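The structure appears below as structure tokens.
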Amino acid sequence: SRLTAGNQETVCALIQTPTEPVTLTITLDLDSSSTKIGELSFQTEIYRCFQFMVPMVSSTTVGSISVKIRGRVDVTTKETKVLIEPPAFIHIVQTDKPIYKPGQTGKCSVLKTTLSLKLRKLHLFVPTGDVSLKVSAEAERSLKRCGKEKVTVPTEGRIDTVITNLLVEVSTPHKRTIFLPNSSTILSKNISLELPEEFVTGSERASVSVLGDLMGRAMKNLDKLLAMPYGCGEQNMLLFAPNIFILDYLKSTGQLKDSTLKTAVGYLESGYQRELNYKHDDGSYSAFGMSDASGNTWLTTFVMKSFNAAKSYIFVDQKYVQDARTWLSGLQKPDGCIQSVGRLFHNGMKGGVSDDVSLTAYVAAAMLELDGNDPVVQNCLKCLQSAAEDNITNLYTVALMSYTFTLAGDEDMRSKLITQLDEESTNEGKTKDQDLQSYLDSVEVEMTSYVLLALLSGPSLPDFGLDYAAGIVRWLAQQQNPFGGFSSTQDTVVALQALAKYASATYSPEGSTTVTVTSAGGLNKQFTINNENRLLYQEEKLSEIPGEYTIKAEGQSCVLAQISLFYNIPPPSDFSAFQISTDTRGRCDLPRPEFMLFVHGRREETNMVVINIKLLSGYILQDDSLKMVTEHPSMLASPDQLFCQEVVVGPKMPGSDQQVENLKPAVVKVYDYYQTSRTLC
């Protein structure tokens, strides 16, 4: 391996099934020095990564990374040689904007610190995404003086090239999805692509995609189902749980290929190892592991059911599953309800009756998915039956209970709850399941998915057969993002579980369908979907924006068509939800500006909050500043919940890496992780 002096690098260690308590020590050894990278004591499986700074060297040096595992008696050591190179010339690449829009002309200047160069402006035409920019500079002989200095040309380094990446971003896509179930009729749909009044000219692009399988889009994008950050025990599970449902579906329908199995198993194995980092010694799990005071009831349940379901495809130590179940059983109260322990970031789980009712339904359903009824589950059901007698009005709780009683085989309670949901899901003629009260984003998707699971996990109910379920699936498909996921983690997991169950129930290898996309401007594109290419992702770019399009399907097979429209919008002018102020005064030994974010709110408490701060050109994130954000004792805004009052959520601005003139504004976005479309406070 090659390392560059002064760079920050990462080394990861995976230790499986230790038979005794051991200590892991990792060091970087040079001829004259040794740097400890990390040290950790443990007695269970771990997967842990350590970051370290590569020491400075004046010339190319051979070092070694030493890994030592010490047990009670034995010691195992392994060394890996690394080549450490001195840092290359320092370059400054200055652009006139931190982010380029698609098709926009940009300007940049390049300065190499070892030479005196006149800055030249370069005009660039950049597409969308990560763009590699390559700029070369050459020192030429000249009789002209550079200021008062005589021009000299070095023998080495006369020509140098710098390659850097520019990020060209587009906004979150706007899309329309059409779900066409098995049908022998001709279906047609008109779609208008419209742009808002304010958008960045040249950033708009659109496409239409067609798949012959309800799970095809998620299968194609297993690594990016959700365009949101990862970093806690719950978010990690998004890369874990959906693979199980997709593998189960493909296996049950005879479509599972070795390549798909290999990819999915890779995600399962890495997700399983990562999740162990969030495990407590008592068998529970929490969002941030041992740094939390205790395990979390909801997340422990989520991990328990997911680990158990994954055992068909990867090795899962069943001790972890049993330890989690034992811990959960110990939380049962005399009335049968499960006690909520630890912070519950998903406020939608709390329900309108009490925290315990929806949480008890979730725990009971997970245990029923494991291996059926036991005394703990029976007591949970008694708690839920008692709550149902009080006429629960919170639809999230009702939907979750309908799935729990379906798994328990209580057909009377199941029928009663599904009927109640059906009555509540129609309002002033709106489409069924499209107006399940006033929930937004992930909560609405999640509870609708529980209704679908309740319908498909038990015997068919009168008036609630596959035709009724198809209406729910049609609505769910319209909520999917272009990658097959949804708004957040839990709604994506539950929705994909429900959609996989529906896809298995309605799968048919027979039939084919022709989808035709036409426009007023003359577009006429045909897609043919049959059993041979049903999992093939077919896409066509659309050039008429704005424009009127018609999608027509003729045949007899399941088809999912989606039109996606992307465009940039300028930063909002209304910052009434929060204020930002900066103060460039600082200590002489700390030349970086103060950065404070003040939040003035209208809600008493949020779900988990994400604070997305775009960096100004020439600024980099400093690790010590990030550590202060998470550990500062006076912080009122934590990584999980934000209490709406005037608070400081960031003590320092990232440190400047290179001086850049003509800085452009950078956007700070604060949003609720589970209800992304709501104003935060």
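The values are calculated or read from the model by the stated rules, or taken from the named source; none is laboratory data. Here the structure is a predicted model, which means the values were calculated and not measured. Cβ atoms come from the backbone with ideal geometry, glycine included; neighbour counts cover every protein chain shown.
Could you list all residues from region 483-516 that are surrounded by fewer than 21 Cβ atoms within 10 Å (Cβ to Cβ) and either of a type in the set (Asp, Glu) or under 30 Å from residue 550 (Cβ atoms) (or both)?
If the condition is that a residue be surrounded by fewer than 21 Cβ atoms within 10 Å (Cβ to Cβ) and either of a type in the set (Asp, Glu) or under 30 Å from residue 550 (Cβ atoms) (or both), then 483, 506, 507, 508, 509, 510, 511, 512, 514, 516 are the ones that fit.
Within region 302-336, can you find the residues that are touching a Leu at 6+ places or on another chain (Cβ under 8 Å) and buried (at least 24 other Cβ atoms within 10 Å of the Cβ)?
Hit for region 302-336 is 304, nothing else.
Could you go through region 215-234 and let me know if any residue there is part of a loop (DSSP other than H, G, I, E, B), at pLDDT 80 or above and of a type in the set (D, E, K, R).
Our first condition is that a residue be part of a loop (DSSP other than H, G, I, E, B); within region 215-234, this holds for 215, 221-232.
Checking which are at pLDDT 80 or above leaves us with 215.
Narrowing further to those that are of a type in the set (D, E, K, R): none.
The answer is no, given that none of the residues of region 215-234 is part of a loop (DSSP other than H, G, I, E, B), at pLDDT 80 or above and of a type in the set (D, E, K, R).
Condition first: among the aliphatic types (A, V, I, L, M), within 16 Å of residue 232 (Cα to Cα) and touching a helix residue (DSSP H, G or I) at 6+ places or on another chain (Cβ under 6 Å). Can you find one or more residues in region 292-302 that meet it?
First, the residues of region 292-302 that are among the aliphatic types (A, V, I, L, M): 293, 299.
Those left that are additionally within 16 Å of residue 232 (Cα to Cα): 293, 299.
Pick out the ones that are also touching a helix residue (DSSP H, G or I) at 6+ places or on another chain (Cβ under 6 Å) and you get 299.
The answer is yes, given that some residue of region 292-302 is among the aliphatic types (A, V, I, L, M), within 16 Å of residue 232 (Cα to Cα) and touching a helix residue (DSSP H, G or I) at 6+ places or on another chain (Cβ under 6 Å).
Within the group 539, 532, which residue is acidic (Asp, Glu), free of Cβ contacts under 8 Å to residues at least 40 places away in the same chain and farther than 21 Å from residue 414 by Cα? Show your work before the answer.
Details: 539 fails: free of Cβ contacts under 8 Å to residues at least 40 places away in the same chain.
Step by step, each of 539, 532 is checked, and only 532 is acidic (Asp, Glu), free of Cβ contacts under 8 Å to residues at least 40 places away in the same chain and farther than 21 Å from residue 414 by Cα.
Please count how many residues of region 463-482 are outside any helix (DSSP H, G or I) and crowded, with 22+ Cβ neighbours inside 10 Å.
1
Quickly run through region 454-483 and pick out the residues that are farther than 27 Å from residue 368 by Cα and aliphatic (A, V, I, L, M).
Correct list: 477 only.
So which residues in region 23-63 are closer than 30 Å to residue 323 by Cα, at pLDDT 85 or above and among the charged types (D, E, K, R), if there are any at all?
39
Give just the number: which of (1) among the polar types (S, T, N, Q); (2) modelled with pLDDT of 90 or more; (3) under 26 Å from the mean Cα position of the chain (by Cα); (4) surrounded by fewer than 16 Cβ atoms within 10 Å (Cβ to Cβ) does residue 419 not satisfy?
So the condition that residue 419 fails would be (3).
Which of the residues spanning region 369-415 are among the charged types (D, E, K, R), surrounded by fewer than 15 Cβ atoms within 10 Å (Cβ to Cβ) and over 32 Å from the mean Cα position of the chain (by Cα)?
Matches in region 369-415: 374, 382, 389, 390, 411, 412.
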